[in-house]
Amino acid sequence: MAKGDDSGFGIGVLVGGLAGLVAGAWLASGPGRSQVERLRDRTVELTSRSAEQAREVMNNPEHPIGRALQDGLSAARQRRGELQQVDPAADSPSGHVSDLPQQGA
């Protein structure tokens, strides 16, 4: 191989690298930014819609999830009432586990 062939390869790599850099910069500033903006808008829209649907499901006692939520809340209220009858101190303002009496003390 002649020395001239090696320099041609180096120039090709340099030109190709510069072309890739220019293409990347153009895509990042133009279509890339608009695509990111569209994705951001779509994400916000879907998040809002999902939150709204979740609220509707949770507040609908006919929906299985809403029914399960209501049953769980009812059971928790009932259990809390039972615990408060057994130990009136369980209704302490802090409600921390550390407020419970120690066993064997």
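Just so it is clear, none of the values below were taken in a lab; they were calculated from the coordinates. Predicted model only: the values in this text are computed from it and were never measured. Cβ atoms come from the backbone with ideal geometry, glycine included; neighbour counts cover every protein chain shown.
A simple spin-label model places pseudo-atoms 7 Å from Cα toward Cβ; at Glu82 and Ile65 they are separated by 2.9 nm.
Under 1.5 on a/c is rounded, so check that first for the stretch 32-87, then, if it is not, pick prolate when a/b is larger than b/c and oblate when it is not; a ≥ b ≥ c are the square roots of the alpha carbon gyration tensor eigenvalues. Walk me through the intermediate numbers first.
Numbers: a/c = 7.57, a/b = 2.96, b/c = 2.56.
In terms of gyration-tensor shape, prolate.
In a reduced charge model with +1 at each Lys and Arg Cβ and -1 at each Asp and Glu Cβ, the stretch 32-87 shows a dipole moment near 240 debye about its Cα centre.
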